[in-house]
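To keep things clear, I will list the structure first and then write my remarks on it.
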Amino acid sequence: MRHITCDIESLSFQSTNHQLIIIDHHWMIRSCNQAWQHGLHKLFLQAASRHNHYLHLMEAWAAQQKNLYPTKFAQYLRHNVVPFNKPHTYDISVTTPQNEEKWFRVELTPLQDEPEADSRLALIAHTDITEQKKTEFQLRQALTEARTLYGLLPICAVCKHIKDDSDKWNSVERYLEKHTSVEFTHDICPDCIRQLYPKYSNILDKHN
């Protein structure tokens, strides 16, 4: 039955959408699936083609994209994870050659087949969570804006402009359009019509 199980495991390893690699305790990449080859590996093919060492690959990505996230991640793994004795999960940010920010959830899971800690392997799954991160950012931004509207707003006693978080003065209309989904259309209230256009005030009085 073991060879059947191995075949099923191999099929699952290759067919999943998660980008998977298997590394040894020296951080050398021992195996990878098709999703990895068409995902992060392909995304940074120039750096990936020179490295089979996972941590070196992370650092090469960081140098290529001038992004410190992968470097910090690699430094943490190098000093805190070997031997593989417990799972680890991290979120990392990478910037593509097209200058697009993408986020990946990295999950390291020890494979405990080998009794010796120095001989153990680990499975690393990379899941694209870019859309999730964008949604989280939008929610945080919306929450911040909502909280702003419940706070104390400095308003000019003369012109009624409002001072925003950047110490810039904006009209009420501009401030609310920036912090809410409100759009303005302009009209003139009856009191202003009476003050500015007194000859039309009798028309207003007839309608009241």
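The values are calculated or read from the model by the stated rules, or taken from the named source; none is laboratory data. Quantities reported herein were computed from a predicted structural model and do not represent experimental measurements. Note: ideal-geometry Cβ built from the backbone for every residue, glycine included; neighbour counts use all protein chains shown.
One line per residue, one yes/no per condition, for (1) surrounded by 10 or more Cβ atoms within 10 Å (Cβ to Cβ); (2) modelled with pLDDT of 80 or more; (3) out of contact with any Cys (no Cβ under 6 Å at 6 or more places or on another chain):
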| site | (1), (2), (3) |
| --- | --- |
| ALA142 | yes, no, yes |
| ALA146 | yes, no, yes |
| GLY151 | no, no, yes |
| LYS160 | no, yes, yes |
| GLU173 | yes, yes, yes |
| LYS178 | yes, no, yes |
| ARG194 | yes, no, yes |
| TYR197 | yes, no, yes |
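Would you call PHE73 at pLDDT below 85 and surrounded by 13 or more Cβ atoms within 10 Å (Cβ to Cβ)? Criteria met by PHE73.
Residue-by-condition table, conditions (1) surrounded by 14 or more Cβ atoms within 10 Å (Cβ to Cβ); (2) over 20 Å from HIS18 (Cα atoms); (3) modelled with pLDDT of 85 or more:
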site: CYS32; (1), (2), (3): yes, no, yes
site: ALA48; (1), (2), (3): yes, no, no
site: TYR54; (1), (2), (3): yes, no, yes
site: ALA62; (1), (2), (3): yes, yes, no
site: LYS66; (1), (2), (3): no, yes, no
site: LEU77; (1), (2), (3): yes, yes, no
site: PHE84; (1), (2), (3): yes, yes, no
site: GLU107; (1), (2), (3): yes, no, yes
